[in-house]
Every structure is written in C-alpha cells, then in structure tokens.
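Here the structure comes first, spelled out in structure tokens, and everything after it is commentary.
The values are calculated or read from the model by the stated rules, or taken from the named source; none is laboratory data. As the structure is a prediction and not an experimental result, all values here were calculated from the model. With ideal geometry, Cβ positions are generated from the backbone for all residues, glycine too; neighbour counts draw on all protein chains shown.
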Amino acid sequence: MMKDLNIQWHPGFVAAMNLEFEENRSDLVYEKEYNLNTKPLEIDLLVIKKDPNVQIVNEIGKIFRGHNIIEYKSPDDEFDVDTFYKASAYGCLYKAAGETVNEREADDITISLIRDTKPEGLFRYFAQHEIKTENPYPGIYYVMGAVLFPTQIIVGKELKQTSHAWLKALSDKMQKQEMRELLERIGGLSRKYDKELADSVLEVSIRANKQIIEEMRGDESMCDALLEIMRPEVEKITKEIAKESEKKGKEKGKEEALAKVILQLNQKGFGSKEIADMLDKEEEEIEAVLTGKEPVLA
C-alpha cells in the first residue's frame with residue numbers, strides 16, 4: 001500500500017497533548033508554533049502553567065515547571081543528537097527572549113521531545129558519553145546530564161495505552177486493538193471541544209494506518225463505531241453544502257461540493273462503501289467519483 005506523504009501530524013499532536021492534559025486544562029496556556037524571534041524559528045508547542053505551584057496529573061507533565069517547550073517528531077522525522085541539542089538551543093533562545101534580564105529563569109523552563117519510536121542512536125550517544133537517563137514511567141526518559149534545562153524524551157510506543165491513548169494514536173504502526181480502544185474512547189467523549197480535538201487525532205491516525213481500517217471493514221461493530229463517530233462531521237459538511245448551494249442557486253455547485261466531500265472522506269481513510277453509507281448514496285456512484293470516471297455526483 002502506498003504511504004500517505006501528506007499527513008498533517010502536528011495539528012493532531014497539539015490536539016493529543018490538549019487531551020492528555022485534560023485534567024489540568026484550565027491551569028495551562030497553549031502556544032502552538034511559538035515564534036522565538038522574527039526569523040522562522042518556531043517551537044512546536046509551548047505550554048505555560050498559569051500557577052507555577054499547580055501539579056500536573058498526567059505523567060508527561062510531572063517534570064513541568066512554569067514554561068515548557070515541547071518538540072514533536074513525526075514517525076518519519078529524524079531524531080538524533082543534533083535534534084536533541086537543537087531543542088536545548090530553543091530553550092536558550094526562549095530564556096533570553098524575556099522583556100527584562102532573567103525574566104524567564106533557567107530552572108523554570110523544561111524541554112520535552114516526543115516521537116513514536118525510541119531514538120536508539122541518541123541513546124547510544126548518551127551511553128558513549130556517560131550521560132545518564134532515568135525511566136520513571138513507561139515511555140518517559142529524563143536526561144540527567146548535558147542539559148541546561150530539565151529535559152525528557154517521550155517514546156509513544158512505550159507509553160501505557162490506558163493513560164496515553166491520544167499520543168499513542170500518533171503512530172503509523174497502530175495495532176487493531178489500539179484502534180479499537182481509541183474508537184471506544186472517542187465514542188465515550190461528551191464535550192463538544194473534546195470531540196473536536198479527538199477528531200483531529202483520529203484523522204491523523206486513520207490516514208497513517210489505512211491497513212487497519214481495511215482490516216476493520218470486516219468487523220461490523222468497529223466499522224459502525226467509526227461511522228458513528230464521523231457522522232456528525234459529515235452532517236455538518238452536508239449542511240454547509242446545502243447552504244452554499246442555496247446561496248449559489250446552482251445544482252452544479254451542489255454536485256461539485258458533494259464530490260469534494262467524497263474525496264475528503266476518502267483521504268481520511270474511508271472506502272467507497274463507508275462513504276456511500278454516510279452520504280446515503282450507491283457505492284458505484286461513490287466509486288465513479290473516486291476513480292475520476294464521474295467528476296460530479298447527482
């Protein structure tokens with residue numbers, strides 16, 4: 001199966017981190033793609049504690065101080081010794097960017113680096129240079145030397161599924177059971193904002209693990225659960241199409257918009273049968289749009 005090279009990992013990561021820290025959401029400020037200066041240097045995610053004394057419930061946040069720099073690497077991104085020191089440099093630039101001298105104290109800044117798989121080359125470098133690490137929780141490693149700021153490396157694959165389902169979903173090697181548990185977790189969400197965040201995570205997960213979706217098509221209960229989760233989004237898009245078509249007053253506009261929705265759903269990992277069920281159309285009609293035989297759908 002051809003690999004999807006257009007997966008937008010970072011929006012899914014920001015949503016996953018928001019869900020990870022759900023219990024402390026009101027205590028934190030999220031600054032995604034935080035600019036370090038006027039040049040294109042950006043921190044993937046900056047998390048600021050409103051009250052420095054607040055204790056973060058999630059294990060990932062146990063190391064947190066007042067200002068917390070988080071760098072995320074997708075499964076295909078390099079994560080080597082230079083990546084490690086670059087994150088430290090971000091910490092230095094952030095510390096020096098305060099409005100007054102030492103406004104941001106070094107011991108009030110932390111750095112977290114996250115990737116699905118363990119950067120084995122980096123850990124070999126640590127061993128060769130006698131840089132010690134501690135592993136207080138599964139998948140979480142504290143770097144005890146060669147750092148100016150408290151630093152942790154988070155390995156998604158090693159995190160506990162029960163505690164970190166959102167981050168573990170940002171993988172291109174999910175297991176069927178993990179996808180099942182993710183869908184069950186999403187199905188149990190009640191708040192609109194949480195559902196929107198979870199949808200961002202799910203979209204990344206589906207696109208990165210299309211083979212799992214293919215396997216699930218034979219599992220009627222899981223397929224139904226996936227369709228049920230996506231149905232509100234489809235209904236929202238359908239309403240937008242109807243509104244736009246009414247404004248234009250053209251049937252052709254409606255047809256083109258509907259075809260666009262079909263292509264968008266297919267990009268998210270849905271096949272012609274699932275799309276046909278969601279849009280109440282015949283599977284042959286959906287397939288015609290997906291193969292380019294029919295540019296619009298009546």
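Matching residues to (1) over 24 Å from the mean Cα position of the chain (by Cα); (2) at pLDDT 75 or above; (3) under 21 Å from ILE7 (Cβ atoms); (4) exposed (fewer than 13 other Cβ atoms within 10 Å of the Cβ):
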residue: VAL204; (1), (2), (3), (4): no, yes, yes, no
residue: GLY218; (1), (2), (3), (4): yes, no, no, yes
residue: LEU227; (1), (2), (3), (4): no, no, no, no
residue: GLU240; (1), (2), (3), (4): yes, no, no, yes
residue: GLU246; (1), (2), (3), (4): yes, no, no, yes
residue: LYS250; (1), (2), (3), (4): yes, no, no, yes
residue: GLU255; (1), (2), (3), (4): yes, no, no, no
residue: SER272; (1), (2), (3), (4): yes, yes, no, no
For the range 42-82, what are the residues that are in contact with a Pro (Cβ under 8 Å, 6 or more places away or on another chain) and over 25 Å from SER205 (Cβ atoms)? LYS62, ILE63, ARG65, GLY66, ASP80
Any chance ILE48 is aliphatic (A, V, I, L, M) and crowded, with 18+ Cβ neighbours inside 10 Å: no
Of all residues in the range 126-178 being of a type in the set (S, T, N, Q) and assigned to a strand (DSSP E or B), the one that is nearest to the chain's Cα centre (by Cα): GLN152
Selection from the range 93-118 of residues under 17 Å from PHE79 (Cα atoms), of a type outside the set (Ser, Thr, Tyr), out of contact with any Leu (no Cβ under 8 Å at 6 or more places or on another chain) and outside any strand (DSSP E or B) yields LYS118
Could you tell me whether GLN161 is touching a residue at least 24 places away in the same chain (Cβ under 8 Å) and either in contact with an Asp or Glu (Cβ under 9 Å, 6 or more places away or on another chain) or within 22 Å of LEU45 (Cβ to Cβ) (or both)? no
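Conditions (1) of a type in the set (S, T, N, Q); (2) assigned to a helix (DSSP H, G or I); (3) in contact with an Asp or Glu (Cβ under 6 Å, 6 or more places away or on another chain), marked per residue:
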| residue | (1), (2), (3) |
| --- | --- |
| LEU19 | no, yes, no |
| ILE43 | no, no, no |
| ASN53 | yes, no, no |
| PHE84 | no, yes, no |
